[in-house]
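Encoded as structure tokens, the structure appears first; notes follow it.
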Amino acid sequence: MANIVRSDPLNELARFDPFRDIEDFFGGRRLRSLFRDLPEAPEFKMDVSEDEKAYRVKAEIPGVKKEDIRVAIDGSNVSITAEVKREQEEKKGETVLRSERYFGSQSRAFTLRHDVDESKAEAKYQDGILELTLPKKNGAIAKQLTVR
């Protein structure tokens, strides 16, 4: 008698892991060690809070010069971009055993519930922490449309 196996194709898609599936296809160990040794693009962490007058953002962007950070505000859309340059070198005596570099751009973007008053917005960067104070625009109430 044959065993009946229930298949759920949507569940298989939800569990799709391209690196695991590629490793399974190619035999795994060599490919897994290849991806593990590649430097990851760093990602900065953020906290966003609000009160009745303004939004406050704290973003951890360590090792970046303040000249390399850009903040763009367009209504309620905010984006933070930082040019990241990270170098790591391990030496023993005069021989370089390992040298890794990451040069690139990292960014985060988000949308707030209210428009931001760009003229009063402030940004401060100290000790690897970017602090933004984003005042809400007065009268920035959502516009209601009449459906006809």
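Just a few scattered comments:
- Net +/- balance of residues flanking Leu130 in space, Cβ distance below 10 Å, scoring K and R +1, D and E -1: +1
- Separation of the alpha carbons by more than 21 angstrom is noted, of Lys45/Lys137; Lys65/Lys85; Lys66/Lys137; Lys45/Lys136; Lys53/Lys120, for Lys45/Lys137; Lys66/Lys137; Lys45/Lys136.
- Exposure proxy ranking, count of Cβ atoms within 10 Å, fewest first, for Ile69, Ile80: Ile69, Ile80
- By the count of neighbouring beta-carbon atoms within 10 Å, fewest first, Lys45, Lys85 end up ordered Lys45, Lys85.
Values quoted throughout were computed directly from the atomic coordinates according to the rules given, and no laboratory measurement underlies them. It should be emphasised that the depicted structure is a prediction, and the values quoted were computed from it without experimental measurement. In this analysis, Cβ positions are derived from the backbone assuming ideal geometry, glycine residues included, and neighbour counts consider all displayed protein chains.
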